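Okay, structure first, notes after.
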Amino acid sequence: MSDLTEKRIIFKHIDEAGYSNDIACYQKHGGYENLKKAVMLNPPDIRDEVKKSGLRGRGGAGFSCGLKWSFVDRKSGKPIYLIVNADESEPGTFKDRYIIHQDPHQLIEGTMISCFANDVKQAYIYIRGEFPEGARILEQAIQEARDAGFVGKNICGTEYTCDIFVHRGAGAYICGEETGLIESLEGKRANPRIKPPYFPAVLGLYQCPTIVNNVETLCHVKHIMDMGADEYLKIGTPNNTGTRIFCVSGHVKKPGYYEFACGQVTMGQLLNDVCGGPLEGRQFKAVIPGGSSAKILRFGEKFTIKNKDGTTKEWAVEDIPLDFDSLAAAGTMGGSGGVIVMDDSVNMVDALANINAFYAHESCGQCTPCREGSLWMKKISTRMVHGEARPEDGELIKNVADQIAGRTICAFGEACSWPTQSFVAKFGDEFKSYADAKKHKPADALELV
Amino acid sequence: MNLKPETLTRIDEVITHYPEKRSGTLPLLHLIQEDVGHISDKAIEWIAEKLEIEPINVFEVVTFYPMFRREPIGRRHIKVCRTLPCALAGGYKTCSKFEQEFNTHRGEVSPDGEVTVEFVECLASCGTAPVVLIDETLHENVTEAKAKEISDQIKAEAANRG
């Protein structure tokens with residue numbers, strides 16, 4: 001049996017007795033030593049180190065952080081901005097909340113190292129509106145760091161100057177999309193921008209080169225600075241380096257957050273051994289592995305996976321190693337690390353109706369397929385639950401989803417269609433027989449929509 | 001606009017955070033809503049003038065973001081998370097309990113003006129579902145029983161206030 005001990009790097013001090021979120025405590029634990037080290041280096045060297053580390057973005061897409069930084073237009077003569085994406089809003093994800101509340105200086109140090117590495121003079125932390133306390137904690141922490149010379153003018157006594165401001169969102173999921181976030185920071189509706197030509201690295205905030213990174217990603221930069229890319233590369237597996245924070249919710253005995261090296265544990269180990277297995281008398285039915293937009297996995301299904309040498313192997317859901325590439329090979333994604341578990345008490349039509357209500361509420365309304373389609377999907381699945389359900393509804397709703405993905409400006413089109421496509425593909429029978437199932441629904445059945 | 005002096009100070013400070021004034025739209029809306037309780041037509045015009053933009057630029061932002069409201073709400077704002085992980089843990093029952101306790105419906109102000117109960121989307125604390133955000137405080141693992149306790153406490157505070 002492989003090692004099931006958590007490897008805590010980012011969450012090392014989360015919920016640690018006696019650890020507080022002030023700068024004194026942070027510095028007592030070696031805080032800001034890496035920023036001091038960084039400002040003595042050449043920015044391109046830090047960028048190379050991050051590229052070499054293989055760090056992939058923790059917000060959802062898993063895109064290479066070093067590569068993202070390499071796209072920045074450094075010749076335009078315009079200021080370069082860095083925005084911390086703290087809009088954490090993918091259902092099932094709750095890692096950034098703990099970092100912001102309990103270890104804000106870790107984020108600030110990672111941000112400042114990244115700013116220095118990219119010649120950034122102004123950074124913003126875009127924090128979701130539903131974190132009012134988090135916003136206050138961050139502002140307080142930034143002020144402490146400013147007073148100590150780690151943010152603002154002449155950082156660590158050098159010529160380098162860079163400030164950070166906190167900017168609060170106001171309840172719109174789409175602000176997690178980086179160009180929607182930029183529009184929002186400019187004071188507008190968060191309609192994502194057409195790409196290309198407006199890749200933020202070239203034309204972002206105020207039409208200037210802009211880097212947008214997730215909270216957890218920037219925290220990793222601090223640790224890459226600390227241990228060096230060579231050591232960091234040893235954590236996880238090739239192309240899936242570092243640790244991941246898994247946020248487990250739903251029907252397990254011990255929901256919560258767990259940090260492991262990428263690929264260190266399988267889905268089965270995470271849910272059965274780490275999270276204590278299903279609730280008493282229940283069995284696992286399905287799991288969404290990377291936030292609610294990730295395609296669902298059905299317990300009992302098998303995946304045929306190609307090995308590098310051309311041979312194949314078979315995986316059950318429990319066998320999938322939790323890293324970006326393995327989850328992609330199983331037809332889903334690691335996404336934001338939000339693992340939502342459902343047991344056999346859940347009817348999948350009910351669960352999909354809940355998810356569809358979310359995406360219909362959150363579509364920005366800019367592209368017709370998404371604006372209309374997400375609403376139709378919600379209406380059909382809600383009608384199935386609260387009105388008349390027809391055997392052909394599953395096919396109908398999937399047909400709507402098929403016409404959204406790939407036809408929108410931003411990835412929300414995919415995010416809202418993947419649940420419907422995967423639920424219907426894997427639980428088609430439940431959609432066909434829902435009218436019947438409703439007749440036998442116990443009075444105390446879980447209400448999901 | 002009758003804003004508190006500290007709100008005005010914070011407004012003038014926050015505008016300096018951005019190279020373009022229009023970026024102050026969301027921060028100003030938050031500050032004014034925290035001060036006055038909701039965003040009136042007057043507030044929209046006031047912000048537009050302050051940021052040198054058109055009132056429609058502010059109005060379209062108010063209508064886009066769920067957290068901004070055009071009407072006053074109850075003294076306390078109870079936001080129950082509706083999204084899947086909370087729903088799997090009984091979030092719908094939690095919401096109904098609050099509605100029942102305050103004799104109100106989702107999205108409405110209770111008859112005594114004390115609370116507004118609302119269903120909102122994911123509050124990003126799925127590991128401690130179901131969760132409820134009351135004003136600015138997050139309450140975790142809010143079962144029906146806990147919802148009752150919290151309701152009783154709110155009622156007691158209201159009674160003490162007279």
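The values are calculated or read from the model by the stated rules, or taken from the named source; none is laboratory data. All figures in this text were calculated on a predicted structure; none of them were measured in a lab. So basically every Cβ, Gly included, is an ideal-geometry build from the backbone, and we count neighbours across all protein chains shown.
Can you tell me which residues in region B:60-99 are more than 18 Å from the chain's Cα centre (by Cα) and within 22 Å of B:Leu28 (Cα to Cα)?
B:Glu60
Condition test on A:Tyr206, is it in the same structural domain as A:Lys68 (by TED's automatic domain parsing), among the aromatic types (Phe, Trp, Tyr), touching a residue at least 40 places away in the same chain (Cβ under 8 Å) and assigned to a helix (DSSP H, G or I)? Talk me through it step by step, then tell me what you get.
Details: in the same structural domain as A:Lys68 (by TED's automatic domain parsing): yes; among the aromatic types (Phe, Trp, Tyr): yes; touching a residue at least 40 places away in the same chain (Cβ under 8 Å): yes; assigned to a helix (DSSP H, G or I): yes.
Yes.
Of all residues in region B:12-53, how many are in contact with a Leu (Cβ under 9 Å, 6 or more places away or on another chain), assigned to a helix (DSSP H, G or I) and farther than 27 Å from B:Thr116 by Cα?
8
Could you tell me whether any residue of region B:100-115 is assigned to a helix (DSSP H, G or I), under 18 Å from the mean Cα position of the chain (by Cα) and more than 8 Å from chain A (Cβ to nearest Cβ)? Walk me through it before giving the result.
The initial filter retains those residues of region B:100-115 that are assigned to a helix (DSSP H, G or I), namely B:100-101.
Okay, now just the ones that are also under 18 Å from the mean Cα position of the chain (by Cα), so none.
Among the residues of region B:100-115, not one is assigned to a helix (DSSP H, G or I), under 18 Å from the mean Cα position of the chain (by Cα) and more than 8 Å from chain A (Cβ to nearest Cβ), which makes the answer no.
Counting only residues that are within 14 Å of another protein chain (Cβ to nearest Cβ) and not acidic (Asp, Glu), which one in region B:136-162 is farthest from B:Glu34 (Cα to Cα)?
Checking each candidate, the answer is B:Thr143.
Pairs please, first residue from region B:141-162 and part of a helix (DSSP H, G or I), second anywhere and of a type in the set (S, T, N, Q) and surrounded by 11 or more Cβ atoms within 10 Å (Cβ to Cβ), Cβ atoms under 7 Å, 6+ apart in sequence or on different chains.
Between residues of region B:141-162 that are part of a helix (DSSP H, G or I) and residues that are of a type in the set (S, T, N, Q) and surrounded by 11 or more Cβ atoms within 10 Å (Cβ to Cβ), the close pairs are B:Glu144/B:Thr94; B:Ala147/B:Thr94.
Among the residues of region A:213-262, count how many are over 20 Å from the mean Cα position of the chain (by Cα) and among the small types (Gly, Ala, Ser).
Result for region A:213-262: 2.
Can you go through A:Lys75, A:Lys51 and tell me which one is in the same structural domain as A:Tyr206 (by TED's automatic domain parsing), assigned to a loop (DSSP other than H, G, I, E, B) and basic (Lys, Arg)? Don't jump to the end; show me each part of the working.
On the way: A:Lys51 fails: assigned to a loop (DSSP other than H, G, I, E, B).
The match here is A:Lys75.
Against the conditions (1) assigned to a loop (DSSP other than H, G, I, E, B); (2) within 13 Å of chain A (Cβ to nearest Cβ), where does B:Cys86 fall short? Just the number, please.
Every condition holds for B:Cys86 apart from (1).
Identify, please: which residue in region B:54-78 is within 8 Å of another protein chain (Cβ to nearest Cβ) and not in a helix (DSSP H, G or I) and is, among those, farthest from A:His251 (Cα to Cα)? Reasoning before the result, please.
Taking region B:54-78 as the starting set, the residues that turn out to be within 8 Å of another protein chain (Cβ to nearest Cβ) are B:57, B:60-61, B:64-68.
Add one more test, that the residue is not in a helix (DSSP H, G or I), and what stays is B:65-68.
Values: B:Tyr65: 32, B:Pro66: 29, B:Met67: 30, B:Phe68: 34 Å.
So, considering only residues that are within 8 Å of another protein chain (Cβ to nearest Cβ) and not in a helix (DSSP H, G or I), the one farthest from A:His251 (Cα to Cα) is B:Phe68.
Every residue in region A:333-368 that is away from chain B (no Cβ under 13 Å), assigned to a loop (DSSP other than H, G, I, E, B) and modelled with pLDDT of 95 or more, please.
Just the residues of region A:333-368 that are away from chain B (no Cβ under 13 Å), to begin with: A:333-335, A:349, A:367-368.
From the residues that got through so far, the ones that are assigned to a loop (DSSP other than H, G, I, E, B) too are A:333-335, A:367.
Result: A:Cys367, single match.
Restricting to region A:63-101, count the residues that are surrounded by 24 or more Cβ atoms within 10 Å (Cβ to Cβ) and among the small types (Gly, Ala, Ser).
So the count comes out to 3.
Within the group A:Glu186, A:Glu139, A:Glu130, which residue is free of Cβ contacts under 8 Å to residues at least 40 places away in the same chain and facing chain B (nearest Cβ under 10 Å)? Before you say what the answer is, go through the steps one by one.
Details: A:Glu139 fails: facing chain B (nearest Cβ under 10 Å); A:Glu130 fails: free of Cβ contacts under 8 Å to residues at least 40 places away in the same chain.
One residue alone meets the criteria, A:Glu186.
Looking only at residues that are farther than 21 Å from A:Ile10 by Cα and assigned to a loop (DSSP other than H, G, I, E, B) in region A:78-90, which one is farthest from the chain's Cα centre (by Cα)? Walk me through how you get there before you give the answer.
Residues of region A:78-90 farther than 21 Å from A:Ile10 by Cα: A:78-81.
Restricting the remaining residues to those that are assigned to a loop (DSSP other than H, G, I, E, B) gives A:78-80.
Working: A:Lys78: 30, A:Pro79: 28, A:Ile80: 24 Å.
That would be A:Lys78.
Within region A:318-327, is even one residue within 11 Å of chain B (Cβ to nearest Cβ), surrounded by 18 or more Cβ atoms within 10 Å (Cβ to Cβ) and in contact (Cβ under 8 Å) with a residue 24 or more places away in the chain? Break it down stepwise before answering.
Residues of region A:318-327 within 11 Å of chain B (Cβ to nearest Cβ): none.
Taking every residue of region A:318-327 in turn, none turns out to be within 11 Å of chain B (Cβ to nearest Cβ), surrounded by 18 or more Cβ atoms within 10 Å (Cβ to Cβ) and in contact (Cβ under 8 Å) with a residue 24 or more places away in the chain.
Just the residues that are at the interface with chain A (Cβ under 7 Å from one of its Cβ atoms), closer than 23 Å to B:Glu157 by Cβ and not in a loop (DSSP other than H, G, I, E, B), please, taken from region B:119-135.
B:Leu133
Which one is nearest to the other protein chains (Cβ to nearest Cβ) among residues in region A:241-293 that are small (Gly, Ala, Ser) and surrounded by fewer than 20 Cβ atoms within 10 Å (Cβ to Cβ)? Outline the logic, then answer.
Here is the first cut: in region A:241-293, the ones small (Gly, Ala, Ser) are A:242, A:249-250, A:256, A:261, A:263, A:268, A:276-277, A:281, A:286, A:290-293.
Pick out the ones that are also surrounded by fewer than 20 Cβ atoms within 10 Å (Cβ to Cβ) and you get A:256, A:268, A:276-277, A:281.
Details: A:Gly256: 4, A:Gly268: 20, A:Gly276: 13, A:Gly277: 16, A:Gly281: 16 Å.
So, considering only residues that are small (Gly, Ala, Ser) and surrounded by fewer than 20 Cβ atoms within 10 Å (Cβ to Cβ), the one nearest to the other protein chains (Cβ to nearest Cβ) is A:Gly256.
Does B:Glu54 satisfy the condition of being at pLDDT 95 or above, within 19 Å of the chain's Cα centre (by Cα) and farther than 25 Å from A:Asp87 by Cβ? Working first, answer last.
On the way: at pLDDT 95 or above: yes; within 19 Å of the chain's Cα centre (by Cα): no; farther than 25 Å from A:Asp87 by Cβ: yes.
The answer is no for B:Glu54.
Taking region A:298-332 as the region of interest, how many residues are part of a loop (DSSP other than H, G, I, E, B), out of contact with any helix residue (DSSP H, G or I) (no Cβ under 9 Å at 6 or more places or on another chain) and of a type in the set (D, E, K, R)?
3
Which condition number in (1) in contact with a strand residue (DSSP E or B) (Cβ under 9 Å, 6 or more places away or on another chain); (2) surrounded by 21 or more Cβ atoms within 10 Å (Cβ to Cβ) is the one that B:His77 fails?
Result: B:His77 fails condition (2) only.
Somewhere in region A:421-429, is a residue more than 27 Å from the chain's Cα centre (by Cα), at pLDDT 95 or above, surrounded by fewer than 19 Cβ atoms within 10 Å (Cβ to Cβ) and more than 14 Å from chain B (Cβ to nearest Cβ)? Outline the logic, then answer.
At the first step, the residues of region A:421-429 found to be more than 27 Å from the chain's Cα centre (by Cα) are A:428-429.
Filter again for at pLDDT 95 or above, leaving A:428-429.
Checking the rest, the ones that are also surrounded by fewer than 19 Cβ atoms within 10 Å (Cβ to Cβ) come to A:428-429.
This time we only want the ones that are more than 14 Å from chain B (Cβ to nearest Cβ), so: A:428-429.
So far as region A:421-429 goes, yes, one or more of its residues are more than 27 Å from the chain's Cα centre (by Cα), at pLDDT 95 or above, surrounded by fewer than 19 Cβ atoms within 10 Å (Cβ to Cβ) and more than 14 Å from chain B (Cβ to nearest Cβ).
Please work out which residue is farthest from the other protein chains (Cβ to nearest Cβ), limiting yourself to region A:91-119 and to residues that are within 21 Å of A:Glu33 (Cβ to Cβ) and in a loop (DSSP other than H, G, I, E, B). First the steps, then the outcome.
If we filter region A:91-119 for residues that are within 21 Å of A:Glu33 (Cβ to Cβ), which is where we start, we get A:99, A:102-118.
Among the residues that remain, those that are also in a loop (DSSP other than H, G, I, E, B) are: A:103, A:118.
Values: A:Asp103: 16, A:Asn118: 18 Å.
In this case the residue turns out to be A:Asn118.
If we scan region A:392-408, do we find a residue that is assigned to a loop (DSSP other than H, G, I, E, B) and of a type in the set (Val, Ile, Thr)? So that I can check it myself, show each step before the final result.
Residues of region A:392-408 that are assigned to a loop (DSSP other than H, G, I, E, B), as a first pass: A:392, A:403-408.
Restricting the remaining residues to those that are of a type in the set (Val, Ile, Thr) gives A:404, A:408.
Yes, there is a match, as at least one residue in region A:392-408 is assigned to a loop (DSSP other than H, G, I, E, B) and of a type in the set (Val, Ile, Thr).
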